[in-house]
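Laboratory data are not the source of any read-out in this text; all were calculated from the coordinates shown. Keep in mind it's a predicted model, so treat the numbers as computed, not measured. Counting neighbours? That spans all protein chains shown, and the Cβs are built from the backbone with ideal geometry, glycine included.
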Amino acid sequence: MSNETLANLAHEDRRFEPPKELAEHANVTAAAYDEADADPEAFWAKAAERISWDTKWDRVLDWDNPPFAKWFVGGKLNAAYNCVDRHVEAGNGDRVAFHWVGEPADDTRDITYAQLKDQVSQAANTLIELGVKTGDRVAIYMPMIPETVVAMLACARLGAPHTVVFGGFSSSALRDRIQDCDAHVVITSDGGYRRGAPAALKPAVDEAVAQCPGVEHVLVVRRTGEDVTWDDQRDVWWHDTVEKASTDHTPEAFDAEHPLYVMYTSGTTGKPKGILHTTGGYLVGTSWTHWAVFDLKPETDVYWTAADIGWVTGHSYIVYGPLANGATSVMYEGTPDTPHKGRWWEIVAKYKVTTLYCAPTAIRTFMKWGRDIPAEHDLSSLRLLGSVGEPINPEAYIWYRDQIGGGKTPVMDTWWQTETGMHMISPLPGVTAGKPGSAMKAIPGVSVDVVDDDGESVGNGNGGYLVVTKPWPAMLRTIWGDDERFKETYWERYAAKGYYFAGDGAKLDDDGDIWVLGRVDDVMNVSGHRLSTTEIESALVSHPKVAEAAVVGATDEQSGQAINAFVILRESALKGGEEAPDALITELRNHVASEIGAIAKPKSILVVPELPKTRSGKIMRRLLRDVAEHRDVGDVTTLADSSVMDQIQEGVGKGS
Ligand code: WT7
């Protein structure tokens, strides 16, 4: 957190009161804060009444063995039943669950709750045929198509935790995740549409699965119709199996703490962490926050989370939260500029979207494209906007509110994480007078603080580390297969206080409102996607020409942070002089893309003779960040060799 940022924030004094009409009919009023403060467990118990239990819990929270929480102990429920069947049973089977919009023009499908129930049951029956049993893990590697939701819910229905791997990840990333959670079945498709053309997925699965002997079956949806290679023993088509299966399937009730899914996310080491979410608390937390923060009115709202299902945002606020609430959602397959830059706004106008939830990086892109583009479309249906994934800068907040929301929509800046599962800090639309750039305060039932190194509150007007001070229902339960890493990563730092360490820096303003300033660890946030510096460094050094690499996230106007890499080449790579540096840089960038995924491609790669290291050998990324952000390099006295920074800066000067 630079002083410049803090100074800017201090000057922000615009406030936006909730619209009167919204406040009058809001799902949640200011009383919720008092109620939750008085008795958080009673508050969550009441929220839990919003979903349907086969057996009611006998204890709201078991925190006897921290940091291993159990919520709604003794309760039994089925997540898929809650998301689908119960709405049909309540007479809402004809309500649209998804207005699905494919990327190619006019490629749309509306899916009602009744249809979704049939499809989920069919997929569940097929998974049983393929040998999936309660507790087995199933990997899902899919584009943004309805079958992805069906696949997730079919797993949930069987109590088989899914692990959805973002379709933009490479085959090696997919392989690592399949191996880490030992999945025996993979659900995928031939491909999806991206930027106007089919983008294949099945070849990456073939490659990954070749190194995963445990995988017995690959269930494949036909989406693009492109040719795929086929293994008769292993591969089955969705249309040959799921679409022919029985639509009858009786959901079984599972323990509230039964694993629902594992979502991999980047940590400070090279190995991604499998964040485990369980059933009861997660469903309570996501459905309550979706209803409260977005003031969801299921009968009249058309809700749209414009994110990929491969991230936690998609899990909590495309699938579980909205469906548990019986919402009607939009789901869009493609990119915002296909076939033209007004695609999102065309969709908003067509489906009369009332609530849009997206990332600041998207908003900044739209700002760059200009306000004339959204102005061509009727966006008057919008009544609420949301932002997630990174701090939203005040300019983007104002633009979003004015140009997209017509100056009348509150903007919910929601802070949360893969680990938290649900919104933690956010305004409430009918209560909070929003400040552009501030996520404001913890939602009712959640307790956060900003603390110093000793875990003491910093108090208003000061900056420090963001912590969660009490357990919350959708909290991660552990890191898959690694309880130790779970304790170490999140709980050790403030063990004396029992606080959850979020890894973000934050500031409390004079009113006590929270300004999240970004990561304080080696985790980067690029266009709202979380990447670890070490993961990219490992990818770079796995290239035969690279001896050593250091990666930093540098502030970037467009993507929030941009990946800047510094590499030392192996001797052999320098010999002969036959290789143009540009070609080598491209080769390295592509190598990272194939190791992790295109989102991890460094924006710049600088070849350096040495890296700045302390005497104990730790790379001083802070200094490299100074270089990448074109600042004067800070204190170099702790470097083993202080001339290293001069050499690196010489290289920058040459513009290599
Ligand atoms: C990290 C979590 C939450 C789903 C998408 C990202 C940053 C998230 C905000 C916000 C400032 C934010 C934090 C956090 N972040 N939302 N509203 N304001 N920063 O989930 O990949 O687990 O990343 O994203 O740095 O720690 P994730």
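Descriptive notes on the structure:
- Distance between modelled label sites at S594 and E456, nm, 7 Å Cα→Cβ extension: 5.5
- Cα centroid of region 608-630 to Cα centroid of region 509-544, whole Å: 17
- For the set K368/K603; K297/K441; K273/K487; K297/K352, the pairs lying more than 21 angstrom apart at their alpha carbons are K297/K441.
- Using a Förster distance of 45 Å, the FRET efficiency for R195-K352 (Cβ separation, nearest 0.05): 0.95
- FRET efficiency for the pair D34 and D337, taken as 1/(1 + (r/R0)^6) with r the Cβ-Cβ distance and R0 = 60 Å, rounds to 0.85.
- Counted by neighbouring Cβ atoms within 10 Å, the residues T247, T289, T489 run from fewest to most as T247, T489, T289.
- Point-charge dipole on Cβ atoms (K/R +1, D/E -1) for the chain, about Cα centre, debye to 20: 360
- D372, D337, D39 arranged by Cβ crowding within 10 Å, fewest neighbours leading: D372, D39, D337
- By definition, a body whose alpha carbon gyration tensor gives a ≥ b ≥ c is oblate when a/c is 1.5 or more and a/b is not larger than b/c, and region 1-125 fits this oblate description.
- Net charge in the neighbourhood of A375 (other residues with Cβ under 14 Å of its Cβ; Lys, Arg +1, Asp, Glu -1) is -3.
- Additional length obtainable on full extension of the chain from S604 to E587, 0.36 nm per residue less Cα span: 4.9 nm
- Summed side-chain charge close to G459 - residues other than G459 whose Cβ falls under 12 Å, Lys, Arg +1, Asp, Glu -1: -4
- Computed over the chain, the per-residue total of -39500 (n - 2.57) for DSSP H runs of n ≥ 4 gives a 222 nm mean residue ellipticity of -8000 deg cm²/dmol, rounded to 500.
- Cα centroid of region 274-340 to Cα centroid of region 347-412, whole Å: 17
- When K507, K56, K273 are arranged by Cβ crowding within 10 Å, least crowded first, meaning fewest neighbours, the order is K56, K507, K273.
- When the square roots of the Cα gyration tensor eigenvalues are ordered a ≥ b ≥ c, the ratio a/c for region 252-383 is 1.5 or more and a/b does not exceed b/c, which makes its shape oblate.
- Which listed pairs, of K76/K244; K507/K601; K435/K507; K271/K497, have C-alpha distances above 22 Å, in listed order: K76/K244; K507/K601; K271/K497
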